[in-house]
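Remarks on the structure that follows.
No lab work stands behind these numbers, since they all come straight from the coordinates. Computed from a predicted structure; not experimentally measured. Glycine also receives a Cβ, built like all others from the backbone with ideal geometry; neighbour counts cover every protein chain displayed.
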Amino acid sequence: MTEPPRLIALDVLRGIAVMGILLMNMAGFALPQAAYLNPAAYGGADGANLAVWAVSFVLVDGKMRALFSLLFGASMLLVIDRAEQAGRHGVPVHLRRMGWLFAIGLVHAYLIWSGDILVPYAIVGTLACAHVGRSTRHQVALALILLVGQWLLLWSLLSALAATHEAAVAADATLAAIQKWRGIADQIGIPGPTALAHALGTYRGSYPAILHDRVGQNWATPFLQLIDIGPETLALMLLGMAGLESGFLTGAWDRATYRRVAAGAYLVGLPALTFIALATIRSGFDEVATLRNAQLYAAPFRPIVMIGHVSLALLWLGGAGSSWLIERVAAVGRAAFSNYLGTSLIMTTIFYGYGLGLFGRLDRAELYLFVPPAWVAMLLWSKSWLDRFHYGPLEWLWRSLSRGARQPTQRQAIES
């Protein structure tokens, strides 16, 4: 059986995305939940810790997930188109893939790590297939409407949150108002001693205790993410379809155009995000200001900077020929599913109590010492594996489940 030729640009971009996502996930693996958005919550907010947070906020935070969403939309279109070219109905093929992705995501979210994005991706990916085959103009217009709609939704939610905070700090604040804000701050602000002790005790503890926290107390977490990222994710998937059809994501545009797009995206996005980061620092990482800046004011600029990253990566790809690094990054992208879940398994084992128990014991900057070895491991194993096998191990599992039959593994078996 002969597989359709792969688009190396998509593989390289996917590899960059999965490696970049690890940078942001480190705080989620190793620190209490609130520290992801607010460095003052835990892990240090000065010196090297502050520098790491600021650089991540400007260059990485939200951009790699946005890139992953963009590529998810492009890949969805490819899967449907290739199924139809092979004489199968494309949409049912895609829906079976989303059903199994949802199931695997639940296993990941409940049994391995609560920061899973596969569950919301499966749900949003199911909705996105209704827009396959529509015009690029339709996809882009709907994407912009969704992005504006999500911004307005977040503005409404954050306005209500600010009102709750004001009621809690007022001179005549009631005990109920104070307790209500304390419960919110424990999750998304600066946790109090009781909440911190609970988080540290749980994730430095046994696997059953961690499982009870994820499944018993926080079972809805994978679904609540849809409020925060659902419309934006759907918008970016639609833009990914448009980016594939227009040739932008495949490297088909000329180099001068990619240079202009990268320069324009960075000139708009980087100064804005730098200003927002500085404003957050000047606020002393005030709970409401930090959340508003990260979730609301930075939101329009994250996709813009992501487009700059994509353009820069495609310029690198177009100018580097067949370099060994490009081949290895592309292999990481071809095994992105395995690399994503693999890093969850490895990092939770390092930081949780059933492994090395390092949860909450390292500063934010120290966490990033684990990233380069993980990247090296991805670059080494992915290429070596794919030299022998056509799919990454979890890619093979997903494909076999979606097709209802065990897929061949050895390259010779596929290519013969």
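Numbers for the structure displayed
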| quantity | calculated |
| --- | --- |
| In the range 126-144, the residues that are closer than 22 Å to R96 by Cβ, part of a helix (DSSP H, G or I) and not aliphatic (A, V, I, L, M) | T126, C129, H131 |
| Test: residue in the range 30-53 that is within 30 Å of R403 (Cβ to Cβ), among the aromatic types (F, W, Y) and in contact with a helix residue (DSSP H, G or I) (Cβ under 7 Å, 6 or more places away or on another chain) | no |
| Which numbered condition L270 fails, given (1) under 30 Å from L161 (Cβ atoms); (2) assigned to a loop (DSSP other than H, G, I, E, B) | (2) |
| Test result for A235, under 23 Å from Y121 (Cα atoms), surrounded by 21 or more Cβ atoms within 10 Å (Cβ to Cβ), small (G, A, S) and within 25 Å of the chain's Cα centre (by Cα) | yes |
| Of all residues making up the range 109-121, the number that are surrounded by fewer than 21 Cβ atoms within 10 Å (Cβ to Cβ), outside any loop (DSSP other than H, G, I, E, B) and within 14 Å of the chain's Cα centre (by Cα) | 0 |
| Number of positions in the range 265-288 that are free of Cβ contacts under 8 Å to residues at least 24 places away in the same chain, closer than 30 Å to G319 by Cβ and not aliphatic (A, V, I, L, M) | 1 |
| Identity of the residue in the range 243-271, β-branched (V, I, T) and over 22 Å from the mean Cα position of the chain (by Cα), that ends up surrounded by the fewest Cβ atoms within 10 Å (Cβ to Cβ) | T257 |
| Selection status of A141, without any contact (Cβ under 8 Å) to a residue 60 or more places away in the chain, closer than 25 Å to P222 by Cα and among the small types (G, A, S) | no |
| Residues satisfying the stated conditions in the range 331-365, i.e. hydroxyl-bearing (S, T, Y) and free of Cβ contacts under 8 Å to residues at least 40 places away in the same chain | T349 |
| Evaluation of A252 against (1) assigned to a helix (DSSP H, G or I); (2) without any contact (Cβ under 8 Å) to a residue 40 or more places away in the chain (one fails), failing number | (1) |
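Residue by residue, here is whether (1) hydroxyl-bearing (S, T, Y); (2) touching a Lys or Arg at 6+ places or on another chain (Cβ under 6 Å); (3) surrounded by fewer than 22 Cβ atoms within 10 Å (Cβ to Cβ); (4) in contact (Cβ under 8 Å) with a residue 40 or more places away in the chain holds:
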position: L23; (1), (2), (3), (4): no, no, yes, yes
position: N38; (1), (2), (3), (4): no, no, no, yes
position: G44; (1), (2), (3), (4): no, yes, yes, yes
position: S69; (1), (2), (3), (4): yes, no, no, yes
position: L78; (1), (2), (3), (4): no, no, yes, yes
position: D81; (1), (2), (3), (4): no, no, yes, no
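This table checks each residue for (1) in contact with a strand residue (DSSP E or B) (Cβ under 6 Å, 6 or more places away or on another chain); (2) assigned to a helix (DSSP H, G or I); (3) under 25 Å from L31 (Cβ atoms).
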position	(1), (2), (3)
L158	no, yes, yes
A163	no, yes, no
E166	no, yes, no
A173	no, no, no
A176	no, yes, no
Q179	no, yes, yes
P191	no, no, yes
